[in-house]
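Visitor: The structure follows.
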Amino acid sequence: MKLRVIVIALSSTVLGTAITTSAQVIVRGTESTDNSATHSEVTINTGDRNVVPLIKESKETKVDATTQRTESVTRARLNDGSYFEWQRSTSTKKDLSPDKSISSTDVVEKDRQGQDHVSRHTDETVNKSASGETAETKMYTRNSSGQLVLDRVLDANTIKGADGTANTTRLEKVPDINGNLVVQTEREEVAVPHGPNENVVTSKTMSADHLTGKLAVTAQETTSITTQGGTKQIESAVLTPGRTGWELSGRTTTTETTAADGSVTRETIEHGRALFSEKTGDTLQEPLVLQRKIVEHEVHQPDGKTVMQRDVFNRDVNGDWKPESFSTKEADKGRSSSAYD
């Protein structure tokens, strides 16, 4: 869903201040009838008022028969209630042939003095064939001198089998001090269909060992995706190396239900290691405990608006779910009647 992109930006722009006031994050938006333009707003509801820290507008344009451009503008709220253009993103995708496409993305950020700075540039090439797909993504970021330099390269190669299986290898390479690309992580995934309603993905992640300079397996993950009618369930389990071999270190369960009108309800429950041992004196010897719950509602309204509400709960020491809280201290300083509902 397009509206969810703005939530990622929210974490770094709004949630970086101290945690003082309980609040709820809501994303509301509208889409044009042809889905080419969207307008979305992030709202922090504190119970007695609403604060809108981010507004994002996106538009897709078909340049010609083979080229499509997507432009988006994100505006951030200042303490006085006004907004400034914080970030602008422009992506262009061109189909060179039915099996090959290239795309590039520029992200430009504007500081409070109105100066533009290209913070990120990405180039991607995708090649498709009957037997699979390959993709190369080059990401450039600004260094301390303000110049765009190569930050990392992501390579993905997928081979499809006649039985529906898919084997994917993903490499993340970063330049060393001499500018030579070095593999930082390697992830091998195998997706196997189990009947028409279930798909199982097993993966192995290898990361660079800085002592030996070699890749070592750091995680194994199994994900099962089951669909029955309008309900999809995703269960993932992560194993990491421990003192006695491979040990279960995390488990996530997501249940997603889609209504007839397209509205979606999604609940994700995360299990992990407790910070303190309760029984054995060793947290690694105890079972995983509930840690976080994320509840999302995406409601498609008759007037074309899509409303998304996202609630995050953390497990407290008493085992109760407590809503995650955010600071509205800075917003309170510049409270303006025009900036609130």
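Visitor: Any of Lys56/Lys110; Lys93/Lys128; Lys128/Lys173; Lys100/Lys128; Lys56/Lys94; Lys93/Lys160 with alpha carbons more than 18 Å apart? Name them for me.
Guide: Lys128/Lys173; Lys56/Lys94; Lys93/Lys160, as the Cα separations exceed 18 Å there.
Visitor: So who's got an amide H within less than 5 Å of the one on Gly250, skipping anything under 5 residues away but keeping other chains? H placed 1.01 Å off N, in plane.
Guide: Val238
Visitor: Moving on. Tell me, in nm to one decimal, what length is gained between Glu136 and Leu181 on full extension, where the rule is 0.36 nm per residue of separation less the Cα-Cα distance?
Guide: Full extension of this stretch gives 14.8 nm more.
Visitor: Still on this structure, please answer the following. Whole-Hz ³J(HN,Hα) for each residue in region 240-256, computed from phi via Karplus 6.51 cos²θ - 1.76 cosθ + 1.60 with θ = phi - 60°, x for glycine and proline: what do you get?
Guide: Along region 240-256, the couplings run 10, x, x, 6, 10, x, 6, 10, 5, 10, x, 8, 9, 10, 10, 10, 10 Hz.
Visitor: If you don't mind, another one. Once amide H atoms are placed 1.01 Å from N in the peptide plane, what residues at a sequence separation of 5 or more from Leu78, or on another chain, have their amide H within under 5 Å of its amide H?
Guide: Excluding prolines and chain starts, which carry no amide H, the hits are Tyr83, Phe84.
Visitor: Under the Karplus relation 6.51 cos²θ - 1.76 cosθ + 1.60, θ = phi - 60°, what is the ordered set of whole-Hz ³J(HN,Hα) values for region 315-324, x standing for Gly and Pro?
Guide: For region 315-324, the Karplus curve yields 7, 8, 5, 8, x, 9, 7, 10, x, 5 Hz.
Visitor: Below 14 Å, Cα to Cα, which aspartates and glutamates can Lys59 reach? Residues fewer than 8 away in the same chain don't count.
Guide: Lys59 reaches Glu31, Asp34, Glu71.
Visitor: Also: Please quote Rg/Rh for region 78-205 to two decimal places, taking the Kirkwood radius as Rh and restricting both calculations to Cα atoms.
Guide: 1.10
Visitor: Would you mind putting 41-53, 141-153 in packing order, based on average other-beta-carbon counts within 10 Å, highest first?
Guide: 41-53, 141-153
Visitor: May I ask you to compute the full-extension gain from Glu286 to Gln147, defined as 0.36 nm times their residue separation minus their alpha-carbon distance, rounded to one decimal in nm? It would help to have the intermediate numbers written out before the result.
Guide: Details: separation 139, 0.36 × 139 = 50.04 nm, distance 4.90 nm.
In short, 45.1 nm is gained.
Visitor: Continuing with this model, one more query. Cut-off under 18 Å on the C-alpha distance; same-chain residues fewer than 8 positions from Lys232 excluded. Which aspartates and glutamates are left, in chain and number order?
Guide: By straight Cα distance, Lys232 reaches Glu198, Glu256, Asp261, Glu267, Glu270, Glu296, Glu298.
Each value in this text was obtained by applying a stated rule to the coordinates, not by laboratory testing. Small disclaimer: the values here were computed from a predicted structure and weren't measured. Heads up, the Cβs are rebuilt from the backbone with ideal geometry, glycines too, and the neighbour counts pull from every protein chain shown.
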